[in-house]
Structures are given as structure tokens and as C-alpha cells.
Amino acid sequence: MPELPEVESVRRGVDEWTAGTTITGAEVVDPRILGTTSRRRIDSSAVDAFATAVSGVRILGAERRGKFMWLSLGEQVGLSAGPELGILLHLGMSGQLRIHSPGEEIHRHTRAVLHLDSDRELRFVDQRIFGHIGVQPLVHGYGRLVPASAIHIAPDPLEPAFDPEIVVAELGRKRTAIKAALLDQTLISGIGNIYADEALFRAGVHPLATPARTRKSRLVAVLESAATVMGDALAVGGTSFDSLYVNVNGESGYFDRALLVYGRGGQECVRCGAAIEKITVGGRGTHFCPICQKPPRYR
Ligand SMILES: [Zn+2]
């Protein structure tokens, strides 16, 4: 599943190729991509409505909060100004966004195509259809305009609206395991399962520690570690947009994530040599070093 650095990398590529272009038409190859994970049955009027809503609209840019990415839209040609709209592009588990020239071979898992006046196409490819594309009004959420379905999503550590002091204060009231709190998208977004484990290891905090009983300096260290590991991943992988190919998980694969604990259950800790342990926290596989991340004493 793409994590925040991959989504940000894709956003940069999409922004580079689409900002300032006008959508000349849209095809929904598989209507299920207009639905949500809980509702995939889409009637044909929704397909027509989508194509009509986006045709003739200028793309202002590609934006992101957490793993939510969207194209912010200008006014539709020939129509007066309405509410501000965006096209949500959620990659889900396996979604990819690709830029192609018209006439290039259509990948068999292509679900939707936006035709651009730059003589390019933005194609949404998604093998498993956990992703989503759809037009939404933009609403105010945590200090900026976001798609309506992302209104409950808190800022992520890589965006300017992220305020570490507010997040530490809120985190410090939580009585759930800190690993679960880091995955709570209403508190802080964009930290997926992988980077939560990595951040806790780097900060030396046990995944079952209770935030409300953890020193504030330790909570700050966890948040700083999360921003650092995701920023490092982005720096490594966010540089190759000279090709006509914006790909989140194709042949080039994910970023070369320099993972110290995630997926290393039973292997030696890179710091102390102890065996990395794997447990389940909040239903998610969780990796930690029992020596470097001391178990909370109050348990
Ligand atoms: Zn260790």
C-alpha cells in the first residue's frame, strides 16, 4: 500500500503534468472507481455526471493531505463561478496515476481517463479497485480547503498546517497504545503502519506505551522521527519525473525504504542485536526492539 511519501511523490508528478491544463473530456472505463469501498454499485447517470462536471474545467494544481490527493479546479469554461470543486484521487491499496499520450496502449486495469488540452492523458490504473476518483466540493478543514470526504483528516507532518504543539497536547491526552494513536487520522494523518513502527523505534518508545503517561519530550521525539523518516523516503524517491510515467508502485517499486524494524521480526536489531519482536496492536502487525524500546513500567 502506498504510504505518505509515495503519495506525495505521485502528487508532485501529477502537479507537474496537469497544473494549468484544461480537462477536455473524461472516460470512466469502470464505474466502480467512482464508488467507495462500502459502495461500488454506480448507476450510469453518475458516470455521465462525472464526465460533465469535469469537462472544460481548468486544473489549478494537485494537492494532498495525508493519503488524500486531489486536483483543485478552476471555473468551468462558459459557466459562472460555483462552489470550489476538486477531483479526489485516492490511490487506496493499489492505485496508480499515469501520464500518457493519446493513443498509447491502455493498461488493462485502467479505470478512468482524463483528457487534457496539453495532448496528454491522466490515467487512473487500479488493479484491486480500493481507490477512488470523484468530484467533491472543497470545504474548510484544519486551516485549508480540502475535499468534503477529507474534512475529518488532520494535517500530516509534512504540510505547513501541521502544528506539533497542538498534536503533542492532544496526543498527551490519549490513553490508547501510542502505536494506535499514531494511526488515528483525526489526530495526525499520513503516518501509516510502516512509518509508525519506524518512528517509535527511532524515538525509543514502546508501541504499547500510553501517551498520557509518556513524557512530553518523548512524544515530541516520536513526531519528529515520523517527519524525518517520511521526509527521508521522499528525498530518496521523489526525483524522477522526467519520464511520462507517474507511478506509485509499478516496476520501479516503492521507494527504497530504509526500514530498521518494520518487517524484520526475528532478525537482529540494528542497534543492539536483540531479536526484533512482532506483536499485534489495534489489529496491525507491529515491530519493535524489546531492548531499545523499553516496555512501559506502569503496565
Ligand atoms: Zn535494539
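Read-outs: derived from the displayed coordinates by stated rules, not from any lab. In this text, all values refer to a predicted model and were calculated from it rather than measured experimentally. Neighbour counts run over all protein chains shown; Cβ positions are idealised from the backbone, glycine included.
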- Task: Could you work out the local net charge near Val139, counting Lys and Arg as +1, Asp and Glu as -1, over the other residues with Cβ closer than 14 Å to its Cβ?
- Result: 0
- Query: Out of His109, His90, His140, any idea which swings most in a Gaussian network model of the chain, alpha carbons joined below 10 Å?
  - Reply: His140
- Note on the structure: Inter-part gap, Cα centre of segment 118-138 to Cα centre of segment 267-299, in whole angstrom, is 38 Å
- Once the chain is represented by equal point scatterers at the alpha-carbon sites, with solvent omitted, what log10 I(q)/I(0) does the Debye formula produce at q = 0.09, 0.14, 0.16 Å⁻¹? -0.48, -1.03, -1.24
- Note on the structure: Taking every other residue with Cβ under 11 Å from the Cβ of Arg58 and scoring Lys and Arg +1, Asp and Glu -1, one gets -2
- By Cβ neighbour count within 10 Å, fewest first, Lys179, Lys216 rank Lys216, Lys179
- Angle between the Cα long axis of helix 193-203 and the longest principal axis of the chain, 0 to 90 degrees, nearest 10? 40 degrees
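Expected output is a single nm value to one decimal: the length gained when fully extending between His107 and Ala19, i.e. 0.36 nm times separation in residues minus the C-alpha distance. What is it?
29.3 nm
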- Task: Please list the non-local residues whose amide H lies under 5 Å from the amide H of Thr24, H modeled 1.01 Å from N, same-chain partners needing a gap of 5 or more.
- Result: Gly56, His115, Leu116, Asp117
- Query: With point charges of +1 on the Cβ of Lys and Arg and -1 on the Cβ of Asp and Glu, referenced to the Cα centre of the chain, which listed residue (Gly231, Ala154, Val205) lies farthest in the positive direction of the dipole?
  - Reply: Val205
- Item | From phi via Karplus (6.51, -1.76, 1.60), per-residue ³J(HN,Hα) for segment 122-127 in Hz, x at Gly/Pro | 9, 10, 9, 10, 8, 5
- Note on the structure: Using alpha-carbon positions, the gyration tensor of segment 4-150 gives root eigenvalues a ≥ b ≥ c; with a/c under 1.5 called rounded, otherwise prolate if a/b exceeds b/c, else oblate, the class is rounded
- Where does the chain land at 222 nm, in deg cm²/dmol rounded to the nearest 500, when only DSSP H runs of n ≥ 4 count, each adding -39500 (n - 2.57), divided by all residues? -7500 deg cm²/dmol
- Using the number of other C-beta atoms within 10 angstrom as an exposure proxy, rank Asp30, Asp117, Asp197, Asp48 with the fewest first. Asp48, Asp117, Asp30, Asp197
- Task: Treat the count of other C-beta atoms within 10 Å as a stand-in for reagent exposure and order Thr52, Thr280 from fewest to most.
- Result: Thr280, Thr52
- So how tilted is helix 216-237 from the main axis of the chain? Cα-based, degrees 0 to 90, rounded to 10. 50 degrees
- Query: segment 69-176: which trypsin sites (Lys or Arg not before Pro) are DSSP loop and have at most 16 other beta-carbon atoms within 10 angstrom?
  - Reply: Arg108, Arg128, Arg173, Arg175
